[in-house]
Amino acid sequence: MRIYRQIYKKIKKYDHIFIAHHIGPDPDALGSSFGLKDIIKNTFPKKNVYVVGSSASKFRYLGVPDHVDETLFSSSLLIVLDTPDLKRVDGVSPSGFKDTIKIDHHPFIEKFCNLEYIDDTASSASQLVMELTKHTRLKMTKIASMCLFTGLVADTERFLYDYTTPKTFELVADMIKETNLKFTDLYLPMYLRPLKDIRFKGYIMANMTITDNGFAYLKIPDEILTEYDVDAATAGNLINDFNYINEVIAWGFFSSDKVNNNIRGSIRSRGPIINEVLTPYGGGGHALAAGVKAPNFEIVDEIIKDLDKACAKYKEENMKVSEE
């Protein structure tokens, strides 16, 4: 594809390259960022490559963001990964760079980079970095393969989601062969959790509300987070564990986030389209996996009502199909 050549030429051109991802980074944002950094450094050892933005304590083993000299921005290339809209870019403003590239697998929201590679049929940003590497002279590394495998597995929930395609398996298989990656060793650090998180999961299971339309939700105030000694991101980290409840077709957890003075919502679905519901509230993501930040629990109540309506609509439409 022409887009691969265009991206490669820009990477080859610049001596200083910065890599950014979205705020509140997940394993795919981090894995694709640190994976691409190592790939570029392996291909062009003399280049200076930096990952900017925040990290996540659980996934610090993937890499730690660099301390950077902002005076370099105006003469450098910025590559933004796993981020569909400008307001979610973490740590830097694309407008401050000489050149910019976006590589993303979310549905298109807005253009904010000079060159944009968007494929919303891809499983993850990590998959797109694998594709870019395979189709250019960029050279894969063992470290990069560990990062990219972690990001892809996290975003597909171990290849369970329907945007896992034959191409996904082919790319992963090729990468494993090329780097001799011991991929089974990567699952333990991904899924190992402290006992307090498991106890908090028990609280969620015991206290979540399930509507007649099949939407499950829980509003989690700061005092509960304090009681269980967890942070606002913990519920979101546990969200995929609730995928197999027979009476539930969509579910969301809304946690008080005192640090950012808002309510952090993580929502998943087995059918109803949820990202469109969250867009008016400044949220978004994928059709069946999305998030939102609300200013207060009153707005959360409105979001819950709209998500419940989406579940009702989905059940009604599917009931009609089954009757036909």
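The values are calculated or read from the model by the stated rules, or taken from the named source; none is laboratory data. What you see is a predicted model; the values in this text were computed from it and never measured. Note: ideal-geometry Cβ built from the backbone for every residue, glycine included; neighbour counts use all protein chains shown.
Points worth noting:
- Yes/no for Ala294 being within 17 Å of the chain's Cα centre (by Cα) and not assigned by TED's automatic domain parsing to the domain that holds Ser124: no
- Matching residues, region 62-77, being of a type outside the set (Asp, Glu) and either exposed (fewer than 14 other Cβ atoms within 10 Å of the Cβ) or farther than 22 Å from Ile143 by Cβ (or both): Val64, His67, Thr71, Leu72, Phe73, Ser74, Ser75, Ser76
- If the condition is being in contact (Cβ under 8 Å) with a residue 60 or more places away in the chain and closer than 20 Å to Phe297 by Cβ, then region 237-263 contributes only Ala250.
- Leading residue by the ranking (farthest from the chain's Cα centre (by Cα)) among those in region 148-166 that are part of a helix (DSSP H, G or I) and either farther than 17 Å from Asp104 by Cβ or not assigned by TED's automatic domain parsing to the domain that holds Gln127 (or both): Pro166
- Selection within region 12-35 - surrounded by fewer than 23 Cβ atoms within 10 Å (Cβ to Cβ) and either outside the structural domain of Met130 (by TED's automatic domain parsing) or over 28 Å from Glu157 (Cβ atoms) (or both): Lys12, Lys13, Tyr14, Asp15, His16
- Just one residue in the set Ile263, Ile267 is among the aliphatic types (A, V, I, L, M), touching a Lys or Arg at 6+ places or on another chain (Cβ under 8 Å), assigned to a strand (DSSP E or B) and not assigned by TED's automatic domain parsing to the domain that holds Gly24; that residue is Ile263.
- Taken as a whole, the condition of being over 23 Å from Thr43 (Cβ atoms) and either part of a loop (DSSP other than H, G, I, E, B) or modelled with pLDDT under 95 (or both) applies to Met190.
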